[in-house]
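Colleague: If you scroll down you'll find the structure; I have some questions about it.
The numbers here are math on the coordinates, done by the rules we state, and not lab data. Everything numeric in this text was worked out from a predicted model, so none of it was measured. In this analysis, Cβ positions are derived from the backbone assuming ideal geometry, glycine residues included, and neighbour counts consider all displayed protein chains.
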Amino acid sequence: MNPWEIPGFLEIRDGRLHIDQVDAVDLASEHGTPLFVFSESRIRHNIARLQRAGDAIPCPLKICYAAKAMSTMGILQAVREAGIDIEVNSGGELWKALNAGFTGEQIIFNGTSKEVWEIENAINAGIYAIQVDSLYELSLVEETAKRRGKRANVSLRLVPEIESGTHSGLQTALLTSKFGMMPDEAFSAFHTYKDSPHLDLCGIHLHVGSQNPDPSVYSEALVMLFDSMVRIFNETGTRLKHINLGGGFPVNYLNEGGPAFPAEQSEMFSADFEPAAAVQTAWQIVSNAADDENARHLLDDITLLLEPGRSIIADAGICLTTVRNAKIRPVSETTDHQPLTTDHWLMTDAGFNILLSMETYKWYYLLISATRASESHATMYKLAGPLCDGGDVYFDIEGMNRLPEHRLLPENVGPGEVLALLNCGAYSLAQASQYNGRFLPAVVLISSKGEVKHIRKRDSFEDLIANDIY
Ligand SMILES: Cc1ncc(COP(=O)(O)O)c(C=O)c1O
């Protein structure tokens, strides 16, 4: 079995890739490529894995899917039907969440630059928590709630100053990052607003970063939240209702034996630990501290929130792409693997307009042939997308050692062959653009009953100019 195969989900049948028992090559011919294929069963599997954290701790666990990872309506509905709640980052995502059927109680709202209309909509929807990013924003929430004659549920986002071994763009908990408020500011807010009739300061929040390779950051983070809870109670008598540990649980993007991967990057890309184990360890540490400090009563009625995105949706999404062009180019250099005289280039129809992280973060998505999944993947190719942009490649073009120099596929891959980029469900279509006049792709969801549901149609020519005025 190949390291990427997952029985019942990603399998090889008759030599071809099957996703939830559906032939990927047939999907590509029926719907065209690039095509995103999502598995509802895998989404449910990933959610169940996170829910095990709830069994590992004595308090209620509220899991809020980070919608920014992927928010096509069919996916939001699948997540809701799987029984969890949602975290949104804008008035637009809030609107989508409500339209996907989430109730106000199920929604938390993050973001660093909320506008008054967004705050108003959140208050009107009676959401579980507006996660406030600064003292200025808190005053705006209070003013808005007062004007509407309502009370807003608020949680304050803290800067925990915890570094995680992830990509610099995914670090969110440092003093140098743009998120949250200093703990002292938060404490002063509890003093100022504890008796406000318009604010219920019910929680505190942090997010250490995304794709965190080391589970111990969750212990550090929970200790920080607990210490803050104790201080808030001691100084203001406020008893919090929830603490939010954020998201960031990793996905193993390197589930393969394949190409030599730059060592500096491999720890992050192959990160793999059980969220439940990380949360249980963290809780145990905090529970011991609570006993030592006679503060157990503060944990009695607390709800723990998590807001995972990629650990729910990344490996549930596959991007199917077709090779559209091929060429051979002489090279003068030798590589680590063997001396080369030529490079075999393959151009696909999936560029960084639909997989932006490939360009911005040099993100790695495992690539296989869907047409010939059972054949040995040992031939080196330079893979590139279709965009008129030299950075639209799937390998290390900068010589910075952040990606492999080549991709491995079967021999003689040429135009027409369908390839599959795995673990593509998070931060891909959600960040996509029509750059180069390219149509945003169609999306299908294979339901847990095995039906193929078309949940997003491919853009049309009209979509390319839908909002242009001319
Ligand atoms: C505040 C917050 N919560 C949750 C997430 C989700 O992270 P992930 O998709 O890695 O779980 C992010 C992502 O950066 C975030 O910024």
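Colleague: Quick one: Karplus J couplings for the range 56-63, per residue in order, coefficients 6.51, -1.76, 1.60, θ = phi - 60°, nearest Hz, x for Gly and Pro?
Modeller: With the stated coefficients, the range 56-63 comes to 8, 10, x, 10, x, 10, 10, 9 Hz.
Colleague: Pop out the ³J(HN,Hα) list for the range 405-419 in order, Karplus 6.51 cos²θ - 1.76 cosθ + 1.60 with θ = phi - 60°, rounded to Hz; leave Gly and Pro as x.
Modeller: Rounded to whole hertz, the list is 7, 9, 10, 9, 9, x, 5, 6, 6, x, x, x, 6, 8, 10.
Colleague: Same structure again: Extending each Cα 7 Å along its Cβ direction at GLN434 and ARG151, get the distance between those two points in nm, one decimal.
Modeller: Simple spin-label model gives 4.7 nm for this pair.
Colleague: Something else now. Enumerate the amide H contacts of VAL393 below 5 Å, restricted to partners 5 or more residues apart or on another chain; note that Pro and chain-start residues carry no placed amide H.
Modeller: It is GLY385, by chain and number.
Colleague: Also, quick follow-up: If you plug each phi of the range 369-378 into the Karplus form 6.51 cos²θ - 1.76 cosθ + 1.60 with θ = phi - 60°, what whole-Hz ³J(HN,Hα) values come out, in order, with x for Gly and Pro?
Modeller: Working through the residues one at a time gives 7, 6, 5, 10, 4, 7, 7, 5, 9, 10 Hz.
Colleague: Sticking with this structure for a sec: Under a point-charge model restricted to the Cβ atoms of Lys and Arg (+1) and Asp and Glu (-1), what is the dipole moment magnitude of the chain relative to its Cα centre, in debye to the nearest 20?
Modeller: Values: 38 positive and 61 negative charges, 211 e Å.
Around 1020 debye, computed over the chain.
Colleague: Could I ask something else about it? Just for the Cα atoms in the range 133-231, what are the lengths along the principal axes, largest first, rounded to whole Å?
Modeller: 45, 28, 18
Colleague: Moving on to the next point. With N set to the residue count of the chain, report its C-alpha Rg divided by 2.2 N^0.38 Å to two decimal places. Mind showing how you got there, number by number?
Modeller: Values: Rg = 23.6 Å, N = 470, 2.2 N^0.38 = 22.8 Å.
Rg over 2.2 N^0.38 Å, computed on Cα atoms: 1.03.
Colleague: Taking H placed 1.01 Å from N in the peptide plane, check which residues at least 5 places from LEU305 or on another chain put their amide H under 5 Å from its amide H.
Modeller: LYS62, ILE243, ASN244, LEU245
Colleague: Separate question: Near LYS362, which lysines are there with a Cα under 20 Å away, not counting those fewer than 8 places off in the same chain?
Modeller: Cα-Cα hits under 20 Å: LYS68, LYS382.
Colleague: I've got another one for you. Mind checking the dipole of the range 41-313: about its Cα centre, +1 per Lys or Arg Cβ, -1 per Asp or Glu Cβ, Debye to the nearest 20?
Modeller: Numbers: 22 positive and 34 negative charges, 197 e Å.
That gives the range 41-313 a dipole magnitude of about 940 debye.
Colleague: Once you measure Cβ to Cβ distances between cysteines in the chain, which Cys have no partner under 4.7 Å?
Modeller: Within the chain, the cysteines lacking a partner Cβ under 4.7 Å are CYS59, CYS64, CYS202, CYS388.
Colleague: Determine the principal axes of the Cα atoms in the range 9-73, then give the extent along each, sorted from largest to smallest and rounded to whole angstroms.
Modeller: Answer, in whole Å and largest first: 49, 26, 12 Å.
Colleague: Could you list TYR218, TYR65 in order of exposure, starting from the residue whose Cβ has the fewest other Cβ atoms within 10 Å?
Modeller: Lowest count first: TYR218, TYR65.
Colleague: Continuing with this model, one more query. Kindly put VAL251, VAL116 in sequence by how many other C-beta atoms sit within 10 Å of each C-beta, fewest to most.
Modeller: Starting with the residue having the fewest Cβ neighbours, the order is VAL116, VAL251.
Colleague: So, one more: Going by average Cβ neighbours within 10 Å, how do the peptides 182-188, 309-315 rank, with the highest at the top?
Modeller: Averaged packing, sorted descending, gives the order 309-315, 182-188.
Colleague: Please find the FRET efficiency linking GLN21 to THR112, where r is the Cβ-Cβ separation and R0 is fixed at 45 Å, and quote it to the nearest 0.05.
Modeller: Computed FRET efficiency for GLN21 and THR112 comes out at 0.55.
Colleague: Amide H of ALA152 versus every other amide H placed in the peptide plane: which residues, excluding those fewer than 5 positions away on the same chain, fall under 5 Å?
Modeller: For ALA152, the qualifying residues are LEU199, ASP200.
Colleague: Then there's this: Return PHE269, PHE249 ranked ascending by Cβ neighbour count within 10 Å, so the fewest neighbours appear first.
Modeller: Result, fewest neighbours first: PHE269, PHE249.
Colleague: Alpha carbon centre of the range 204-248 versus the range 409-470: separation in Å?
Modeller: Result: 38 Å between the Cα centres.
Colleague: Computed from the mean reciprocal separation of all distinct C-alpha pairs, what Kirkwood hydrodynamic radius does the range 354-470 have, in Å?
Modeller: On the way: mean 1/r = 0.0611 Å⁻¹.
Answer for the range 354-470: a Kirkwood hydrodynamic radius of 16.4 Å.
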